[in-house]
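Visitor: Here you go, one structure.
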Amino acid sequence: MTEGLEPDDLFALPGLRRSAPKAGFPINELFSQVAYEIVHDELMLDGVSRMNLATFCTTWVDDQARRLMNEALDKNIVDKDEYPQTAELERRCVRMVADLWHAPDPAGTHGTSTTGSSEAAMLGGLAAKFRWRKGGGTGTPNFVCGPVQVCWEKFARYFDVEIRQIPLRGDRLTMHPDDVSAYCDANTIMVVPTFGQTYTGLFEDVAGISKALDRLQEVSGLDIPIHVDAASGGFLAPFTAPDLIWDFRLPRVKSINASGHKTGLAPLGSGWAIWREAADLPEELIFNVDYLGGSMATFNLNFSRPGGQVITSYYEFIRLGRTGYTRLQSQLYHVAQHLADGLLKLGPFEMIHGGNPHRGIAAVSWRLTEDVGFNLYELSDRLRTRGWLIAAYPLPADRENETIMRALVRHGFSIDMADLLLADIARGMAQLEKHPQAKPLTREEAGGFTHNATAAVPSGKAKPVRRSAE
Ligand SMILES: *Cc1c(COP(=O)(O)O)cnc(C)c1O
């Protein structure tokens, strides 16, 4: 390049003729087009999100949702006074979700948007802990659950609550209602059924668990509330299995969380926590911020947070309504069942969850029923060469020796794409049968893409409580 002359090609500019800054804070500036190109091009190495069937989260939104996200880029949801209409949209969404989940008084109860189910779960757990303490609870609080998403292990660690995860037994992959009482005592702040397990996609039996806790109350006097982790089921069952009783129709259910950015169809960064009645959220957790000359209650772990997710949620709620959500979510199950049928034709697979809307979320999970000379980690690895990201992982305790595979069907995943995937699974299996690995690939070697984060320091194993009175 001659001194003083501008190159006419982006890739000839100095910033693109050396490697991108990587470690120390960069000293020099770059033209914005150059910096953009560097970042944009590096991101080509990321997977294609819509081919990522390991994620539960939104990977497709329409142009209007994109526009609203763009228009809301500078709106801070905590500034209720400055952006009162964003605050109003959040209030409307809370009422809508409370109504969807059959809260006795949807307009009068408490609820909030969050960054996702994790924050919502922390809030639900904290409310339970505060209620328990107000009710005279002393000592170390605990909560009882089945195989849960890692956010509950986080809640336990970060807020010093013992987690009592009931191990799997027999053929059952969800928490058995009959097992629950044995893990509860006077320090149990809540039982947390998962309505749409991360491992299998199956719904836990919230009504059965509620009934078991009613019986426990009759014999022991312990009145233990339920918090439902409906991260992905909360925006499915109300539309596709409305007769399934899992929500505030059960008086014992005091709070529910869901991820707006999963089946709620909002872009990433959206969740909801809703309480049955205003009184179920202890006042100590509420902080007031200015709002149109008065004040508004907030209860969040974050302070500043983007407003676009709530705005877009409202857009999706009014765009689709119950009719639209029902149509759209039913289609997901239709695709899931199509995928399950296709898989059964391909190999010795057994469906753990085949996409039945009364049994679980719009997902398919399966395992091998016989030795085929390859394992599911190897199949996952093969599929990755075609761009598909599909999780293979072991079941939770006490069935860690079994490997399963899971594919989430989300908005934007069509029958046509399912057919392409099935063809690639068939090709991958043929390849693996023809060229068996001398040494089977392990979970780690295969990249073991699981979406199930694990704690660096594992929690101890829960044991049933010894109760002398019964
Ligand atoms: C995804 C998920 C979570 C965590 O939700 P985020 O929205 O990712 O924070 C918690 N519980 C269950 C059952 C989930 O599927």
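No lab work stands behind these numbers, since they all come straight from the coordinates. Fair warning: this is a prediction, and the values are worked out from it, not measured in the lab. Ideal geometry is used to build each Cβ from the backbone, glycine not excepted, and the neighbour counts take in all protein chains shown.
Visitor: So, of the residues in segment 292-310 that are surrounded by fewer than 19 Cβ atoms within 10 Å (Cβ to Cβ) and in contact with a helix residue (DSSP H, G or I) (Cβ under 8 Å, 6 or more places away or on another chain), which turns out to be farthest from ALA230 (Cα to Cα)?
Guide: LEU292
Visitor: Can you pull out the residues in segment 201-247 that are in contact with a Ser or Thr (Cβ under 9 Å, 6 or more places away or on another chain), more than 16 Å from the ligand (Cβ to nearest atom) and outside any helix (DSSP H, G or I)?
Guide: Hits for segment 201-247 are LEU222, ILE224, PRO225, PRO242, ILE245.
Visitor: Any chance you could count how many residues in segment 176-200 are part of a loop (DSSP other than H, G, I, E, B), more than 20 Å from the chain's Cα centre (by Cα) and either crowded, with 21+ Cβ neighbours inside 10 Å or within 16 Å of the ligand (Cβ to nearest atom) (or both)?
Guide: Of the residues in segment 176-200, 1 are part of a loop (DSSP other than H, G, I, E, B), more than 20 Å from the chain's Cα centre (by Cα) and either crowded, with 21+ Cβ neighbours inside 10 Å or within 16 Å of the ligand (Cβ to nearest atom) (or both).
Visitor: Find the residue count for segment 248-282, including only residues that are within 20 Å of GLU90 (Cα to Cα) and within 16 Å of the ligand (Cβ to nearest atom).
Guide: 20
Visitor: Here is a further query. Identify, from the list ALA258, ALA278, the residue that is in contact with a strand residue (DSSP E or B) (Cβ under 9 Å, 6 or more places away or on another chain) and closer than 13 Å to THR112 by Cβ.
Guide: ALA258
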